[in-house]
Amino acid sequence: MIFRTAELFAGPGGGAYAAKNSHFIDKNGEEWGFEHAWANEYDPDTVETYKLNILNNPDAKTVYCEDVRHFNLDDDEKLGNIDALIFGFPCNDYSVVGKHKGLDGNYVPLYSYGVHVLRRYQPKVFVAENVGGLTSANQGEAFIQILKALQESGYTLTPNFYKFEQYGVPQMRHRIIIVGIRNDLAEKGIKFHVPAPTTPNPSDYKTAGEALNEPPIPTDAPNNEKTHHNKRTVEMLKYIPEGGNAWSLSIPEELRLNVKGAKLSNIYKRLTFDKPSYTVTGSGGGGTHMYHWKENRALTNRERARLQTFPDDYVFIGGKESVRRQIGMAIPPKGMKHILMAVLKTFAGEEYDYVEPTERLQPEVLFKVSGSEVANLVKH
């Protein structure tokens, strides 16, 4: 079976690229995989990136560049007849890097558009992704509200806290991903299991050094322009050790940043060669561009894309900051592929190695406690 797949908040195509490369032929000779039905994304550069790399067609008409709040999700002719929905609703109000507004933020209602698609078109399965900080927003009330809305749409849920470094991604990227199987199918015995980590132990993790050096990035790789730094920044970087940041005591007084209040650990933070990178992000001002473990410079966008497991021929459209944002907001294709392959094997009745889902995130656990208790329950 080939699942006709729709996407909301599609980004530059991390999920779509994973879906495009998730396929197999079962023991009966039947092919299983995903095919693009339609996608929605509001940012023009991001849409062009998606169309170029996922559909190989800059003129594709099935990728809708429109704010989802104004997008007609009731157009059955254009949007109906889907088997799967992938949506990674924006994380700005949940991320621990942001202001943690939760239910009071501007972005929170956006998850409801995914719920709308589920209720109207009833795809067989959905995969929803968001940041790990979602569970503690509003003392856990936001997460409970979202789970209830998804469950009431007619789905059996399997939320799990994924650490992508345990799935071959050279980055400490932690995300909550919820897989939902339509209830009538779940009642027939179709049960999703969390795929077992492929690199479960720290000694197995793919490192930043391996990601960026093996093989070397081709000299003509796209999106590989280096950032021009001022002299003071270069001088300061010389004193920051591998894995260190702008607050390293080795920095001379005259080169230190004059910052009052909280000192974020990712400011001018260097990678560590023999460990996965810290989380690739798509926003932030000076000092948040991620820094090479040895060279006195920020990473290029191509290097960031490698940490996100995009191939070197994946071309991002737009200026440097637009590309940086696209890369940072994407889901790593390599990590997502493990989940989507598990979805296919679940429906095909094929066995695969799995682990139990994060117990404290399951609806049957969370719905029995109050929001304040949830916040404590889901702390990691």
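The values are calculated or read from the model by the stated rules, or taken from the named source; none is laboratory data. Because the structure is a prediction, the values reported are computed rather than measured. Here Cβ is always computed from backbone atoms with ideal geometry, including for glycine, and neighbour counts include all displayed protein chains.
Data table
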quantity	calculated
Hits in region 257-276 - residues which are farther than 27 Å from Glu214 by Cβ and at pLDDT 90 or above	Ile267
Number of positions in region 80-113 that are closer than 19 Å to Asp67 by Cβ, over 16 Å from the mean Cα position of the chain (by Cα) and at pLDDT 90 or above	1
Checking Ile331 against (1) within 17 Å of the chain's Cα centre (by Cα); (2) outside any loop (DSSP other than H, G, I, E, B), the condition it does not meet	(2)
Any hit, region 32-39, residues being under 19 Å from Phe316 (Cα atoms), crowded, with 16+ Cβ neighbours inside 10 Å and under 20 Å from the mean Cα position of the chain (by Cα)	yes
Single residue of region 187-208 satisfying the filter (of a type outside the set (Val, Ile, Thr) and buried (at least 18 other Cβ atoms within 10 Å of the Cβ)) that is nearest to Phe126 (Cα to Cα)	Phe192
Of the criteria (1) closer than 25 Å to Ile178 by Cα; (2) at pLDDT 95 or above, which one Ser322 fails	(1)
Subset of region 305-323 (residues that are assigned to a helix (DSSP H, G or I), surrounded by 24 or more Cβ atoms within 10 Å (Cβ to Cβ) and touching a Phe, Trp or Tyr at 6+ places or on another chain (Cβ under 9 Å))	Ala305, Val323
Residue under evaluation Lys124, criteria (1) touching a Gly at 6+ places or on another chain (Cβ under 8 Å); (2) crowded, with 19+ Cβ neighbours inside 10 Å; (3) more than 23 Å from Pro276 (Cβ to Cβ), criterion not met	(1)
Test result for Lys320, in contact (Cβ under 8 Å) with a residue 60 or more places away in the chain and farther than 24 Å from Glu129 by Cα	yes
Residue within region 212-221 that is surrounded by 14 or more Cβ atoms within 10 Å (Cβ to Cβ) and within 27 Å of Ala84 (Cβ to Cβ) present	no
Filter result for Ser250 (surrounded by fewer than 15 Cβ atoms within 10 Å (Cβ to Cβ), of a type in the set (S, T, N, Q) and in contact with a Phe, Trp or Tyr (Cβ under 7 Å, 6 or more places away or on another chain))	yes
